[in-house]
Amino acid sequence: MQNLPLGSGECAIRHELDALVSTRVVVAEPAKQEQLGELAAIARKEIPGVRASEAALVQFWQHDPDSIFAFSRGGRMLGGIAFLYLNCRGLDALLLDEVDLQHPGRELLAGPDEDVAAIYVWALAAHGRAAIGLGNVAEFLKTPRFCAADYYAQPSSREGRALLIALGFRPIPSFQPDLWCYQRSYQGLPQLAGSSHQPPRSIADARH
């Protein structure tokens, strides 16, 4: 499946990601299978170069139904956000640029019943007021399965980069080009420099 670059729609958020509050204005919840076709169409429209298909989204949804969220208001679809939930092996592969983000190996993804080591923002396609639904998603990702996982993303546009900055992401040294990270302030994982997840190659030689 194609990697879906990070886009921002018409977002104007100015709060740290974990501090976002949930809302009832927009419904933001794990997507249902019948919503995936419309989500793929929105992604193709909102994110330049994306050719996401419903079949491709279904494939990843079947692996983990909680990895794709739909934003709606008054029954109208406004967009969605999709994640790759990486296990420890997947996190190392991400930092070392050894994962094909278009076709990630299933051995790098956490199973639906496994704790997540890293949350990679695979795609964000939204318009109008959909972005305020990020608070609902952030609340969902504070639950035990996800709360020890930092977020990672690669912006594909100036707007996407601005959104990451507004949400508290920072660029980090890695072999993966232009990789940004949002570190959970309360999570229990050690810092990269002393972590058991530190890649065997020197991070000092990594690209920024």
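The values are calculated or read from the model by the stated rules, or taken from the named source; none is laboratory data. Worth saying up front: this structure is predicted, and the values here are computed from it rather than measured. Cβ placement follows ideal geometry from the backbone for every residue including glycine, while neighbour counts extend to all protein chains displayed.
With respect to LEU57, determine if the residue is touching a helix residue (DSSP H, G or I) at 6+ places or on another chain (Cβ under 7 Å), over 19 Å from GLU114 (Cα atoms) and buried (at least 19 other Cβ atoms within 10 Å of the Cβ). Even if it seems obvious, please write down each step before you answer.
On the way: touching a helix residue (DSSP H, G or I) at 6+ places or on another chain (Cβ under 7 Å): yes; over 19 Å from GLU114 (Cα atoms): yes; buried (at least 19 other Cβ atoms within 10 Å of the Cβ): yes.
Answer is yes for this residue.
Being surrounded by 21 or more Cβ atoms within 10 Å (Cβ to Cβ) and touching a His at 6+ places or on another chain (Cβ under 9 Å) is the filter here; which residues of region 141-171 pass it?
Result: LEU167, single match.
Quick test for you: out of VAL121, VAL116, pick the one residue that is crowded, with 21+ Cβ neighbours inside 10 Å and modelled with pLDDT of 95 or more.
After ruling out the rest, the residue left standing is VAL116.
Could you tell me whether ARG161 is at pLDDT 80 or above and assigned to a loop (DSSP other than H, G, I, E, B)?
No; evaluated as a whole, the condition is false for this residue.
Condition first: crowded, with 17+ Cβ neighbours inside 10 Å, modelled with pLDDT under 95 and not β-branched (Val, Ile, Thr). Now tell me which residues in region 85-104 satisfy that.
LEU101, PRO104
Restricting attention to region 59-68, does a residue exist that is modelled with pLDDT of 80 or more and of a type in the set (A, V, I, L, M)?
There is at least one residue in region 59-68 that is modelled with pLDDT of 80 or more and of a type in the set (A, V, I, L, M).
Do we find that ALA148 is assigned to a loop (DSSP other than H, G, I, E, B), among the small types (Gly, Ala, Ser) and modelled with pLDDT of 90 or more in this structure?
Values: assigned to a loop (DSSP other than H, G, I, E, B): yes; among the small types (Gly, Ala, Ser): yes; modelled with pLDDT of 90 or more: yes.
Here the answer is yes, as ALA148 does meet what is asked.
Restricting to region 115-145, count the residues that are of a type in the set (Asp, Glu) and in a helix (DSSP H, G or I). Lay out the reasoning, then the answer.
Residues of region 115-145 that are of a type in the set (Asp, Glu), as a first pass: 115, 139.
Restricting the remaining residues to those that are in a helix (DSSP H, G or I) gives 139.
Number of matching residues: 1.
Considering only region 88-96, I want to know if a residue exists there that is more than 19 Å from ILE172 (Cα to Cα) and in contact (Cβ under 8 Å) with a residue 24 or more places away in the chain.
Taking region 88-96 as the starting set, the residues that turn out to be more than 19 Å from ILE172 (Cα to Cα) are none.
Within region 88-96 (the criterion being more than 19 Å from ILE172 (Cα to Cα) and in contact (Cβ under 8 Å) with a residue 24 or more places away in the chain), the answer is no, since none of the residues qualifies.
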